[in-house]
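The values are calculated or read from the model by the stated rules, or taken from the named source; none is laboratory data. Quick caveat, the model's predicted, so the values are computed rather than measured. A quick note on method: Cβ atoms are made from the backbone with ideal geometry, for glycine too, and the neighbour counts reach across all protein chains shown. Areas reflect the complete protein model, heavy atoms only, side chains present, ligands, DNA and RNA absent. Shrake-Rupley method; radii C 1.70, N 1.55, O 1.52, S 1.80 Å.
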Amino acid sequence: MKILAINPGMVSTKVGVFNNEDLEWHSTLNHPYEELCQYPFIMDEFDYRKKKLVEALEKDGYKMQDFNVVVGRGGLVKPIESGVYELNDKVIEDTMHPRLHHACNLGSLIALSIAKEIPGCRAFTVDPGVVDELDDVARITGLPELPHQTIWHALNQREIAKRYCREHGVKYEEQDLIVCHMGSGMSFGLHKHGRTVECNDALSGDGPFSVSRAGMLPSVQLVKLCYSGKYTEKEMLRKLNGHSGLTAHLGTNDCIEVERRIAAGDKHAKLVFDAMIYQTARYLGSLAPVNCGKIDAILLTGAIAHSKYVTDELRRRLEYLAPVFVYPGEDELTALAHNAYRAMTGQQEIKEYK
């Protein structure tokens, strides 16, 4: 079975070709800023990204008609339960009108477009960022108009949790795990017996500040800033999600650069970086009472998990709760392909998006 996996990010598209569950080719297609600037909206990048993807595959000898399955990263559609979904017109319609704009919305669009051009080919998406398995009590906030919602790294968090379980000879459906994905945004979840009963909205300011996102802010001060006349709504939204966090404090979104500054004696860089780690630990620790303190393990993943500075400090602050394990980077291409394979071979249910 030949599987094509597609994972669009803000400035790149990751592509992988799998023979059954084995990765045989992958590439990261970088999209330079000057090329993306010609497209006013992310959705306008569809033809550009698809063309680049097809060209890269054909350049390395792949023929599109050879693929049996195309699986794309899911978009920010309505809240759904976790699992593998066959792409249909309804999910595409909702993807064209997403809750928020992000490059992940292009994954399903490109996957179904390619599959429709290949006789007998099927198209799936897996665990999009809108997976919602919250307990009802977790949905209530102090304003009825603003219930707690989730946008998180569901795909990578669940894959890392399952990998941990395979490595330790336990069942995902029997474990209670805290998982934290640390990237340009931070998402964390309490995985209770195979269901994520509490997690944050990593795109909308819920949780710690991160590389380029503001995280939780004092609401009264935020409202006053919004009405100060200094920023338009569009500018304010961009400030909160893209021009905040480490970027706002230190003028860089490169954690390696921040660590260089710290090593060179920059006390302000150390203070801000330590504050991000401190906030991350505080929010992760706040998940423990949700399960009355019963936590089997804490898993750290995402690009920032490559930093020993970060993971050592998080381990120091959190290992009193449970053992801490580090899985640097992300494994989303593999997660997409393996779930698609299991669905095609009857090991996993194929769900219908309605």
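Residue by residue through segment 191-208, note down the ones that are surrounded by 24 or more Cβ atoms within 10 Å (Cβ to Cβ) and either among the hydrophobic types (A, V, I, L, M, F, W, C) or out of contact with any Gly (no Cβ under 9 Å at 6 or more places or on another chain) (or both). Matches in segment 191-208: 191, 199, 202. Just one of the numbered conditions (1) surrounded by fewer than 19 Cβ atoms within 10 Å (Cβ to Cβ); (2) in contact with a strand residue (DSSP E or B) (Cβ under 8 Å, 6 or more places away or on another chain) is not true of residue 287: (1). What number of residues in segment 147-161 are in a loop (DSSP other than H, G, I, E, B) and crowded, with 20+ Cβ neighbours inside 10 Å? Residues flagged as in a loop (DSSP other than H, G, I, E, B) and crowded, with 20+ Cβ neighbours inside 10 Å within segment 147-161 amount to 3.
Scanning segment 58-89 for residues that are hydrophobic (A, V, I, L, M, F, W, C) and touching a helix residue (DSSP H, G or I) at 6+ places or on another chain (Cβ under 7 Å) yields 64, 69, 70, 71, 76, 77, 84, 87. Listed by first and then second residue, the pairs linking a residue in segment 129-150 that is farther than 11 Å from residue 80 by Cα to a residue that is part of a helix (DSSP H, G or I), with Cβ atoms under 9 Å apart and 6 or more places separating them unless they lie on different chains, are 135/290; 138/290; 147/139; 148/138; 148/139; 149/139. For segment 212-220, the condition holds for at least one residue, the condition being that it is within 29 Å of residue 147 (Cα to Cα), touching a helix residue (DSSP H, G or I) at 6+ places or on another chain (Cβ under 6 Å), not acidic (Asp, Glu) and not in a helix (DSSP H, G or I).
Remark: pairs (first residue in segment 253-264, in contact (Cβ under 8 Å) with a residue 12 or more places away in the chain; second residue open to solvent by 60 Å² or more (accessible area, probe 1.4 Å) and hydrophobic (A, V, I, L, M, F, W, C); Cβ separation under 9 Å; 6+ apart in sequence or on different chains) = 255/303. Which of the residues that make up segment 67-109 are charged (D, E, K, R) and without any contact (Cβ under 8 Å) to a residue 12 or more places away in the chain? Scanning segment 67-109 gives 89, 93. Given 144, 128, 98, which one is part of a loop (DSSP other than H, G, I, E, B) and open to solvent by less than 10 Å² (accessible area, probe 1.4 Å)? Unique residue meeting the criteria: 128. Put simply, of 118, 178, 114 the only residue that is part of a loop (DSSP other than H, G, I, E, B), modelled with pLDDT of 95 or more and in contact with a helix residue (DSSP H, G or I) (Cβ under 8 Å, 6 or more places away or on another chain) is 118.
Only residues that are in contact with a His (Cβ under 8 Å, 6 or more places away or on another chain), of a type in the set (A, V, I, L, M, F, W, C), open to solvent by 50 Å² or more (accessible area, probe 1.4 Å) and within 20 Å of residue 125 (Cβ to Cβ) were counted across segment 1-51, and they come to 1. Just to be sure I understand the filter: pairs with C-beta atoms under 7 Å, separated by 6 or more residues or on different chains, first member in segment 329-354 and farther than 30 Å from residue 255 by Cα, second member hydrophobic (A, V, I, L, M, F, W, C) and in a loop (DSSP other than H, G, I, E, B). Which pairs pass? Filtered contacts from segment 329-354: 341/1; 344/1. Scan segment 179-205 for residues that are of a type outside the set (A, V, I, L, M) and more than 14 Å from the chain's Cα centre (by Cα) and the total you get is 8. With respect to the stated conditions, residue 240 is surrounded by 15 or more Cβ atoms within 10 Å (Cβ to Cβ), over 23 Å from residue 324 (Cβ atoms), aliphatic (A, V, I, L, M) and out of contact with any His (no Cβ under 9 Å at 6 or more places or on another chain). Counting only helices (runs of 4 or more DSSP H) that sit wholly inside segment 224-331, those with at least 3 residues that are small (Gly, Ala, Ser) are 267-285.
Within segment 17-36, residues that are farther than 25 Å from residue 342 by Cα sit with their Cβ atoms under 9 Å from residues that are open to solvent by less than 70 Å² (accessible area, probe 1.4 Å) and assigned to a strand (DSSP E or B), at 6+ positions apart or across chains, in these pairs: 29/12; 29/13; 29/14; 29/15; 30/12; 30/13; 31/12; 31/13.
Between 258, 223, the distinction of being open to solvent by 60 Å² or more (accessible area, probe 1.4 Å) and over 29 Å from residue 165 (Cβ atoms) belongs to 223 only.
Just so you know, in segment 52-63 the residues that are touching a Ser or Thr at 6+ places or on another chain (Cβ under 9 Å) and touching a residue at least 40 places away in the same chain (Cβ under 8 Å) include one that is most open to solvent (accessible area, probe 1.4 Å), and it is 56. In the set (1) closer than 25 Å to residue 200 by Cβ; (2) open to solvent by 40 Å² or more (accessible area, probe 1.4 Å); (3) of a type in the set (A, V, I, L, M, F, W, C), the condition left unmet by residue 335 is number (2).
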